[in-house]
Amino acid sequence: MKKIIFIIALFVAIAITVCIQKQGDAKSTKNLTVMIYSEYIDPVLLEDFRNKTGYKVELELYEAQEEMIAKLITADSGKYDVIIASDVVIPQMVHLGLIAPIDTNKIPNHVNVAPQFLGQAYDPTNTYSLPYLWGTTGILFHGNKMHPDSVSYSLLFDAKNTQGKFSLLNESRSMLSMALQANGYDANSSKPEELNKAVDCILQAKKDPHFAGFDGSDIGKDKIISDELWAAIVFSGEAMDAIDKDSSLQYVIPTEGSFMWVDAMTLSSKAKNIEGAYAFMNYILDAKIGAKLAKSINYATPNKASLEIIDNDFKNNRVINPNKQEINRMVFLTDLGDAEKYFDEAWMIIKTH
């Protein structure tokens, strides 16, 4: 009798265990992990997405591209589902096997992507990415208003022109490319002699008594708002956020040039919740959601359907949507291939000297 009772109890225990495992598996399929820059999505949208789809989004935040790549390389399988990454690192992510092809048949709203954001050099066959938002990188500063088409990088790189504490951007590729442009070179140059000039330019800025270090864009923005810094290199959306809080601030694209960028949604090659990932991408590319996303964090939208419903004040805002003159002096950063090692070496010199 005891043996029978034991066997029955054993089967009950196994049944309960299986049930719990199934519940755990069901719960995990309802969780979706998105790796994303900090302060880059309105929490209201995440709650709305959960209400509409049942998927709870967990965010993994990062501040710089190098940090994001390092996290992905060392991550356990299934830790991340969607990765929002800057265009310039997508070829590297493909090469490293960090992202997988996207099945756009599972994302009906992919038809809302504006044509100018398709077939770009970072993903020429539109296999691995769908655009999330786009913007620019420039200088945010306090002080007297200057004509936005007349401000040079010498504002930061020449100690005679600095008017207070400033920070440079803590992203190797972005900062070195800006220093290349400050010296009159192509932002995508990998010529050693030109890269050396860029290194010298940044090292000279570090010697300025006003130099306050390297910051992520959001941190630089916060320090500007709190008057801890006079100037910082930031992304356009964070510049607009600061200007909304202090209208005396100004954001400019330097006369020597800068770059535009597209942040794109990609599918982790180790994704556990692929269906949830597709649901998230489709949600973001909805016309109304795309418009809300852009307006909530002050970045430009690559969604043609969203542009049809966004108000003209937003579309004509020069900080968020640069004018023709500014666009003409900007470029997209391109994949460096094997020359990436030169930038890595250059950044190591900058950080250790």
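Here are the numbers for the structure shown:
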item: Any hit, region 235-247, residues being open to solvent by less than 60 Å² (accessible area, probe 1.4 Å) and over 21 Å from the mean Cα position of the chain (by Cα); result: yes
item: Residue in region 124-132 that is touching a Ser or Thr at 6+ places or on another chain (Cβ under 9 Å) and at pLDDT below 95 present; result: no
item: Residues satisfying the stated conditions in region 320-337, i.e. part of a loop (DSSP other than H, G, I, E, B), in contact with a Gly (Cβ under 8 Å, 6 or more places away or on another chain) and either under 13 Å from residue 134 (Cα atoms) or open to solvent by less than 40 Å² (accessible area, probe 1.4 Å) (or both); result: 320
item: Filtered residues of region 280-290 (kept if in contact with a strand residue (DSSP E or B) (Cβ under 8 Å, 6 or more places away or on another chain) and open to solvent by 10 Å² or more (accessible area, probe 1.4 Å)); result: 287
item: Single residue of region 164-193 satisfying the filter (in a helix (DSSP H, G or I) and hydrophobic (A, V, I, L, M, F, W, C)) that is surrounded by the most Cβ atoms within 10 Å (Cβ to Cβ); result: 178
item: Residue match in region 331-346 (condition: within 23 Å of residue 201 (Cβ to Cβ) and of a type in the set (Ser, Thr, Tyr)); result: yes
item: Residue 97 vs. criteria assigned to a loop (DSSP other than H, G, I, E, B), surrounded by fewer than 22 Cβ atoms within 10 Å (Cβ to Cβ) and in contact (Cβ under 8 Å) with a residue 12 or more places away in the chain; result: yes
item: Test result for residue 263, closer than 17 Å to residue 42 by Cα and open to solvent by 20 Å² or more (accessible area, probe 1.4 Å); result: no
item: Single condition residue 91 does not satisfy, out of (1) touching a Phe, Trp or Tyr at 6+ places or on another chain (Cβ under 7 Å); (2) open to solvent by less than 40 Å² (accessible area, probe 1.4 Å); (3) assigned to a strand (DSSP E or B); (4) over 30 Å from residue 246 (Cβ atoms); result: (3)
item: Pair list, Cβ under 7 Å, 6 or more apart: region 55-67 residue open to solvent by 50 Å² or more (accessible area, probe 1.4 Å), other residue among the basic types (Lys, Arg); result: 56/30; 56/50
item: Residue in region 184-193 that is in contact with a helix residue (DSSP H, G or I) (Cβ under 6 Å, 6 or more places away or on another chain) and free of Cβ contacts under 8 Å to residues at least 24 places away in the same chain present; result: yes
item: Those residues of region 197-227 which are free of Cβ contacts under 8 Å to residues at least 60 places away in the same chain and over 30 Å from residue 248 (Cα atoms), in sequence order; result: 197, 200
item: Of all residues making up region 113-133, the number that are surrounded by fewer than 13 Cβ atoms within 10 Å (Cβ to Cβ) and not β-branched (Val, Ile, Thr); result: 4
item: Residue match in region 47-57 (condition: assigned to a loop (DSSP other than H, G, I, E, B) and closer than 26 Å to residue 241 by Cβ); result: no
item: Unmet criterion (only one of (1) at pLDDT below 95; (2) in contact with a strand residue (DSSP E or B) (Cβ under 8 Å, 6 or more places away or on another chain); (3) not aromatic (Phe, Trp, Tyr)) for residue 344; result: (2)
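The values are calculated or read from the model by the stated rules, or taken from the named source; none is laboratory data. What you are looking at is a predicted structure, and each value in this text was computed from that prediction instead of being measured. Note: ideal-geometry Cβ built from the backbone for every residue, glycine included; neighbour counts use all protein chains shown. Surface areas here come from the heavy atoms of the whole protein model, side chains and all, with no ligands, DNA or RNA. Shrake-Rupley method; radii C 1.70, N 1.55, O 1.52, S 1.80 Å.
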